[in-house]
Amino acid sequence: MHLIQLMEHIIPIKIRRTMLRNIISPNELSQLRKLLDESRNVVITCHTSPDGDAIGSSLAMYEYLTRKGKNAKVVVPNYFPDFLKWMHDADKITLYDRQHALSKSYFQMADLVIALDYNALKRIDELAVPFRYCRCKTLMIDHHESPEKFCQFQLSRPEMSSTCELLYRLFVALGEEKNINLHCAEDLYAGMCTDTGRFTYNSNDPEIYMIIAGLMKKGIDKDRIIRNLYNQNTEGRYRLMGHILLNKLEVNQELHASIFSVERAELKRFKYLKGDAEGIVNIPLEIKGMKVCISLREDTEKDQIFVSIRSFDDFPANEMAEKFFNGGGHFNAAGGRLYCKMPEALEIAHNAVEAYREKLADPKSE
């Protein structure tokens, strides 16, 4: 008998549920249950340039609410990566930047709007307009630090690995495990997997693996999900990656920092598709001694530069993003935007690294 089957045989369901620590208070649970039960038409939103956790949590909530008989719609600010389109009902997602009228009609009919995986309205760009002026109840569920107060009810848990982890805990706390179907479980696993780099960072909490076991009990094939997420890349991605590592990567061995930039013409040269640059910022951290990497990428449509920062251990990527790049995020994974030309952006990145010299450089020997 497998360990999980043995636990199921020995431990009653009510006791098993208590194995996950309580992170949501009874009062919060009561309010959340009332919000979800009393709502009929629900709009689910996530942040601009959605990643795996954003789309995963949005579709998981969609599956959950649909099974409860709700009329749910997912509206995202803009296009999301092709490697997430395998997810069930991804074809039902409405893109606000391409379907303004349809999106606004959903907000007008809604009695609840849910904000998933973002902590401020600036994270959803133009989608903030219908959100700000909707006359219904609003709910935020998120794991980013320092949330702004923009919803009537906010469930913020920065200690969670992902919004998908927080959603799973919420569903279980509500006693709604039965409404986590196979597709919902796949979505939750995908979000947890991508927001932890395949469980290589921000994933030391043993309960994360208890949650994975719970999702596997729903029938997910985690190996297939990982292949869907990471083995569906374009040829252009690898040629772009090679170009960056060979020609664009700057490595500062003294300060254990690396920087690279990618301009619009280079993206065009390598037939860039949304998601092709995903994760490249993590590769320089594989160089021995590296503590932080900064990626600067020109938008293909607007005059702006996307900034991604990844770091190890005690280096505050979110603090750097806030101070220098109009952004924020998690302690070791953050981002922002710059509204300037690439030479100026590179100068800002170099200044950012220099500003943290004391934290990045090796301690001086006495």
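The values are calculated or read from the model by the stated rules, or taken from the named source; none is laboratory data. For clarity, every value in this text was computed on a predicted model and none was experimentally measured. Glycine also receives a Cβ, built like all others from the backbone with ideal geometry; neighbour counts cover every protein chain displayed. Quick note on the areas: whole protein, heavy atoms, side chains included, nothing else; ligands and nucleic acids left out. Shrake-Rupley method; radii C 1.70, N 1.55, O 1.52, S 1.80 Å.
Sorting the segments 227-236, 175-184 by their mean number of nearby beta carbons within 10 angstrom, highest to lowest, gives 175-184, 227-236. Within the listed set Leu65, Leu102, Leu240, the Gaussian network model of the chain (springs between alpha-carbon atoms below 10 Å) gives the highest mean-square fluctuation for Leu102.
Quick one: pull the percent of accessible area on the chain belonging to carbon and sulfur, 1.4 Å probe, ligands and nucleic acids left out. So the carbon and sulfur contribution to the accessible surface is 50 percent. Coordinate range of the alpha-carbon atoms in region 150-205 per principal axis, descending: 31, 30, 19 Å.
Can you give the angle from 0 to 90° between the axis of helix 163-173 and the longest principal axis of the chain, with both taken from C-alpha atoms, to the nearest 10? Rounded to the nearest ten degrees, it is 20. The share of Cα pairs per 10 Å bin across region 63-140, counted from zero up to the longest distance, runs 16, 53, 30, 1 percent. For the chain, the Kirkwood hydrodynamic radius comes to 21.6 Å, computed from all pairs of different C-alpha atoms.
Once backbone amide H atoms are built at 1.01 Å from N, Leu255 has no partners under 5 Å, excluding neighbours fewer than 5 places away on the same chain. The fraction of Cα-Cα pairs per 10 angstrom bin, counted from 0 for region 232-326, comes to 15, 48, 31, 6 percent, rounded to whole percents.
The residues of the chain expose, per residue, 49 Å² of accessible area to a 1.4 Å probe. When both region 302-316 and region 44-117 are represented by their alpha-carbon centers, they are found 26 Å apart.
Taken over region 163-251, the percentage of Cα pairs per 10 Å bin, counting from 0 up to the bin with the maximum distance, is 15, 40, 24, 15, 6, 0.
One quarter of the surface of the convex hull around the alpha-carbon atoms of region 43-91 equals 3.0 nm², the direction-averaged projected area. Helical runs assigned H by DSSP (4 residues or longer) give the chain a calculated mean residue ellipticity at 222 nm of -11500 deg cm²/dmol, each run adding -39500 (n - 2.57) before division by the residue total. I want to verify the translational diffusion coefficient of region 93-221 in µm²/s; compute it with Stokes-Einstein, Rh as the Kirkwood radius over Cα pairs, at 4 °C and 1.567 mPa s. It diffuses with D of about 81 µm²/s by this estimate.
Sparsely packed loop sites in region 81-173 (the chymotrypsin sites (Phe, Trp or Tyr not before Pro) outside DSSP H, G, I, E and B with at most 12 other Cβ atoms within 10 Å) do not occur. Panel note: the C-alpha atoms of region 22-170, placed on their principal axes, show extents of 40, 31, 30 Å (largest first). Taken about its Cα centre, the chain carries a charge dipole of about 1160 debye when Lys and Arg each add +1 at the Cβ and Asp and Glu each add -1 at the Cβ.
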